[in-house]
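Trainee: Got a structure for you, written out below as structure tokens; questions coming shortly.
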Amino acid sequence: MSRKTDTIRPTPLTRLTRRAVIGGIAGSALAGCDAFQESEAGRAILFSGEKAHMALQRTIMDRNALAREFTEAEMSPVFRANGTRDPDTPSYNAFAAQDFAGWTVPITGLVDRPMTLTLAEIRNMPARTQITRHDCVEGWSAIGKWHGPQLSLLLKAAGLKTNARYAVFRCADLYNGTAYYESIDLIDAFHPQTILAWAMNDALLPVANGAPLRLRVERQLGYKHAKYVQGIEIVESLAPIGGGKGGYWEDRTGYEWYAGI
Ligand SMILES: Nc1nc2c(c(=O)[nH]1)N[C@H]1C(S)=C(S)[C@@H](COP(=O)(O)O)O[C@H]1N2
Ligand SMILES: [Mo]
């Protein structure tokens, strides 16, 4: 999708409303002329504002756009695992030995109703199924089917405070001795394809891919898709989280916090 605004023909517009931009009907609905607009300076002023507005509007529309979804026939025969393939801690192994029956996800921080959801409750929530392509920054991709409730359902249940800005995911695995963590902003958190997946390819999520719960945040690169999720924290700032850059890899490498695709 092109982000260029300068390909838009500068038809004479007197005003440009948000609605007109969204509808793409600005040219036809608002055509008109006046002396100011006819002057070069006037046009420059008008169209610089218009471009800024369009750029902003497009950014917001882009962020809400859906990731491509695929058909069953397009699914990868093997969906490889990456990063931690088995947390293998005493605590995780104890949960795994009981098919994760005791697994819970506390939702804490800037919420009106802090709550602890059980895995059973999460599996009973209305779920979305999506076949998407996972893109790892290391250069491989795989298409898989994911199933679980939209993260927005959980966040709406907890109720976000007005200063809430990010969702931080706490994971059960230690990566080189540190618990993996990741974070996303509220645009991604409320994106319709952002789900807490408990099933993959029509089976319960395997340990290698994040059992019993992993984030799917389909407009982002692979490392944002936190596996082994055992807590969600709503915060206003990422500064106090880990090294302050919002994620395990962001704090240790040059990986970008915003890894939008
Ligand atoms: N908890 C946790 N989540 C994680 C990782 C990890 O090591 N630990 N690796 C990330 C990376 S780099 C990728 S590409 C994906 C891999 O998901 P997969 O194992 O299902 O392929 O998980 C991401 N989420
Ligand atoms: Mo990755």
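Trainee: Collect the residues in the stretch 61-85 that are within 16 Å of ligand 2 (Cβ to nearest atom) and either of a type in the set (D, E, K, R) or more than 20 Å from Arg214 (Cα to Cα) (or both), keeping them in residue-number order.
Mentor: Arg80, Arg85
Trainee: Out of all the residues in the stretch 190-210, which are near ligand 1 (Cβ under 10 Å from one of its atoms) and within 17 Å of Glu121 (Cβ to Cβ)?
Mentor: Ala197, Leu205
Trainee: Could you say which residue among Asp202, Asp173 is of a type in the set (D, E, K, R), on the phi < 0 side of the Ramachandran plot and in contact (Cβ under 8 Å) with a residue 24 or more places away in the chain?
Mentor: It is Asp173.
Trainee: May I pose another question? Go through the stretch 225-244 and give me each residue that's more than 16 Å from ligand 1 (Cβ to nearest atom) and of a type in the set (A, V, I, L, M, F, W, C).
Mentor: Answer for the stretch 225-244, where residues must be more than 16 Å from ligand 1 (Cβ to nearest atom) and of a type in the set (A, V, I, L, M, F, W, C): Ile234, Val235, Leu238, Ala239.
Trainee: Which of the following residues is out of contact with any strand residue (DSSP E or B) (no Cβ under 9 Å at 6 or more places or on another chain) and more than 9 Å from ligand 1 (Cβ to nearest atom): Ile187, Ile143, Ile131?
Mentor: Ile187
Trainee: Now, a different point. Restricting attention to the stretch 97-124, which residues are more than 16 Å from ligand 1 (Cβ to nearest atom), under 19 Å from Tyr228 (Cβ atoms) and in a loop (DSSP other than H, G, I, E, B)?
Mentor: Once the filter is applied, which keeps residues that are more than 16 Å from ligand 1 (Cβ to nearest atom), under 19 Å from Tyr228 (Cβ atoms) and in a loop (DSSP other than H, G, I, E, B), the stretch 97-124 yields Gln98, Asp99, Ala101, Gly102.
Trainee: For the stretch 134-143, indicate whether the set of residues that are within 16 Å of ligand 2 (Cβ to nearest atom), outside any strand (DSSP E or B), of a type in the set (Gly, Ala, Ser) and free of Cβ contacts under 8 Å to residues at least 12 places away in the same chain is non-empty.
Mentor: yes
Trainee: While we're on this one: Of all residues being in contact (Cβ under 8 Å) with a residue 24 or more places away in the chain and crowded, with 22+ Cβ neighbours inside 10 Å in the stretch 205-219, which is nearest to Thr84 (Cα to Cα)? Just the residue, please.
Mentor: Ala211
Trainee: Considering every residue within the stretch 106-116, establish whether at least one is more than 23 Å from the chain's Cα centre (by Cα), surrounded by fewer than 17 Cβ atoms within 10 Å (Cβ to Cβ) and closer than 24 Å to Ala158 by Cα.
Mentor: no
Trainee: Separate question: Could you grab me the full set of residues in the stretch 211-224 that are over 17 Å from Arg252 (Cα atoms) and within 9 Å of ligand 1 (Cβ to nearest atom)?
Mentor: Once the filter is applied, which keeps residues that are over 17 Å from Arg252 (Cα atoms) and within 9 Å of ligand 1 (Cβ to nearest atom), the stretch 211-224 yields Arg214, Leu215.
Trainee: Given the stretch 150-261, what helices (runs of 4 or more DSSP H) lie entirely inside it while holding 2 or more residues that are within 16 Å of ligand 2 (Cβ to nearest atom) and among the aromatic types (Phe, Trp, Tyr)?
Mentor: 248-252
Trainee: Follow-up. When the stretch 225-247 is examined, which residues are found to be buried (at least 24 other Cβ atoms within 10 Å of the Cβ) and more than 16 Å from the chain's Cα centre (by Cα)?
Mentor: Listed by number, the list holds a single entry, Tyr228.
No lab work stands behind these numbers, since they all come straight from the coordinates. Quantities reported herein were computed from a predicted structural model and do not represent experimental measurements. Note: ideal-geometry Cβ built from the backbone for every residue, glycine included; neighbour counts use all protein chains shown.
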